[in-house]
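Structure first, commentary second.
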Amino acid sequence: MGFLSNIIAEKRYNHDDYVRDFLSGNDNFALSTHAGAKVNENLSLSLTAIWACVNILSSIMASLPLHVYKNIKPSGKEKAASHPLFDMLYAKPNPEQTSYAWRELMYRWCLLWGVGVSEIEFNRRGDPVALWPVQPWKIRSMRSRLSKALYYEIDEDGVTKSLVPNQLFIIPFFTVESGKWLSPIGVHRETIGSALAVKDFGARTFGQGTNPSAILSGLRFKSTDNEETLRKKFKDAYEGLSNSHRLMLLEEGVKFDRIGLPPEDAQYLESRRFDISEIARIYNVPLFLLQDHEKQTSWGSGIEEQKSGLVDFNLVPKAVQFEQEVHEKLLLRDPDHFVKFNFNGLLRGKFSERIEGYVKSIQNGLMCIDDIQELEDRNPLPDGLGQKRFVPLNMQALEFAVRDPLLIKEAGVNKHV
């Protein structure tokens, strides 16, 4: 059989095999790496750094308040609580999931498989009424041979159905062209494979190796009982915090040698730290969120700055992507309504800092009391008292000074100034 025949006859691992093996827990569909470890989305979660990155980012995006707003002309907005999409996005996107559970699942799929997908259910009038998650390993992007139009094929229980882009709500992690996305696990499989290999090496080393903390040499045991008696004697006399730094007395010819961390073990720990940094870089997550504080001096105010950076450079772009997908696919480009994530709760600083900012905002007329009440998740003041705005008495508009000098005189200010 020739070379070309061998290629044709070779058994390929196709999409259906992947679906079957993944759902059955089979890790056959795992890409081999130069480090010797196999990598797929399922196996990568055994790395604590990936587990933490996926869990942190998905839970934050799921917990942020998401509301539908109505544009108020000429400027401003108000919550559109009566809009049909308001309840679907804020509380119940489908009969089986809450908004939190749906968004968390969408972003976990996005962070592992490179895309979060839901099929949009429409009523007879063409309005969206539900969002049903579609497992990302069951979807393929395709293009028509004649029109080159984009569409998607979804495998469900052996049946393939085709859907156009407007029938799917899609959140990709990283796109290279329209309808094509990349999985961070697949792209960085060598980095992840290296981390898995180091983790496996450590487990095997500590599980099978012999690493005592100290050695007593020159002992002669007459019997097993004599050995156990001596072991108990040293344990009672020298082990534990209360026995630390005690003078150790040894018989003639007996030597005590303390064993530190072997160089290969120290290198292993350094490799683990480097892997955490690499994975944090893939997902753009600050190291302090992964409980890695080695060689960091960013405690105190630095943590607040890093949290703000996480919002600005990671969460906000994801939020904008989500909002625009909602406007395109669910609001159907309705110019009078839009959706917006609320980051106020996530960005709130210390209570003393918030109060200081609120005071300055009220004194300069930037905010009213009810605005602050809403930010602090409190009810507005009764009888509209919280709607008033204030400005300093020693400042006024130039127009006011020119048009109404009488009021200036009554206030005790020289009108000629």
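Taking H as built 1.01 Å from N, whose amide H comes closer than 5 Å to the amide H of TYR69, not counting residues under 5 places away?
Distant-sequence amide H within range of TYR69: ALA80, PHE338, VAL339, LYS340.
What ranking do 44-56, 121-133 get when scored by the average of other Cβ atoms within 10 Å per residue, highest first?
The peptides rank, most packed first, as 44-56, 121-133.
Of GLU104, GLU353, which has the most accessible area with a 1.4 Å probe, and how do the rest follow in descending order?
Greatest to least solvent exposure: GLU353, GLU104.
Using the Karplus curve 6.51 cos²θ - 1.76 cosθ + 1.60 with θ = phi - 60°, work out ³J(HN,Hα) for each residue of the stretch 48-59 in order, rounded to whole Hz, and write x for Gly and Pro.
Taking θ as phi minus 60°, the curve returns 4, 5, 5, 4, 5, 4, 5, 5, 5, 5, 5, 5 Hz for the stretch 48-59.
Lys and Arg at +1, Asp and Glu at -1: add these up for the other residues within a Cβ distance under 15 Å of LYS92 and post the number.
For residues surrounding LYS92, the net value is -3.
Whenever you get a sec, line up TYR90, TYR69, TYR151 from highest to lowest accessible area (probe 1.4 Å, protein heavy atoms).
TYR90, TYR151, TYR69
In square angstrom, rounded to the nearest 10, how much accessible surface does LYS233 have for a 1.4 Å probe?
120 Å²
Can you give the accessible area of SER82, probe radius 1.4 Å, in Å² rounded to 10?
120 Å²
Report, in debye and to the nearest 20, how large the dipole of the stretch 77-170 comes out about its Cα centre when Lys and Arg carry +1 and Asp and Glu carry -1 on their Cβ.
400 debye
Could you calculate the contour length gain from ASN55 to VAL164, that is, 0.36 nm times the residue separation minus the distance between their Cα atoms, to one decimal place in nm?
Stretched fully, the ASN55-VAL164 segment lengthens by 36.2 nm.
To the nearest 20 debye, what is the magnitude of the charge dipole of the stretch 142-191 about its Cα centre, counting +1 on the Cβ of each Lys and Arg and -1 on the Cβ of each Asp and Glu?
That gives a dipole near 280 debye.
Which order do you get for LEU347, LEU150, LEU168 if you rank them by accessible area with a 1.4 Å probe, largest at the top?
Of LEU347, LEU150, LEU168, the descending order of accessible area is LEU347, LEU150, LEU168.
Taking the highest mean first, how do the peptides 158-166, 191-199, 34-42 order by number of other beta carbon atoms within 10 angstrom per residue?
191-199, 34-42, 158-166
Taking the dipole about the Cα centre of the stretch 311-396, with the C-beta of Lys and Arg at +1 and of Asp and Glu at -1, give me whichever of GLY384, LEU346, VAL359 is farthest to the positive side.
With unit charges placed on the Cβ atoms, the residue in question is VAL359.
What is the distance, in nm, between label points placed 7 Å from the Cα along the Cα-to-Cβ direction at LEU45 and at ASP157?
Taking the two extended label points, one gets 2.4 nm.
Give me the number: length gained by fully extending SER32 to ASN379, i.e. 0.36 nm times residue separation minus the C-alpha to C-alpha distance, one decimal in nm.
119.2 nm
The values are calculated or read from the model by the stated rules, or taken from the named source; none is laboratory data. What you see is a predicted model; the values in this text were computed from it and never measured. As a convention, Cβ positions derive from the backbone with ideal geometry for all residues, glycine included, and neighbour counts pool all protein chains shown. Heavy atoms of the whole protein, side chains included, go into the accessibility calculation; ligands, DNA and RNA do not. Shrake-Rupley method; radii C 1.70, N 1.55, O 1.52, S 1.80 Å.
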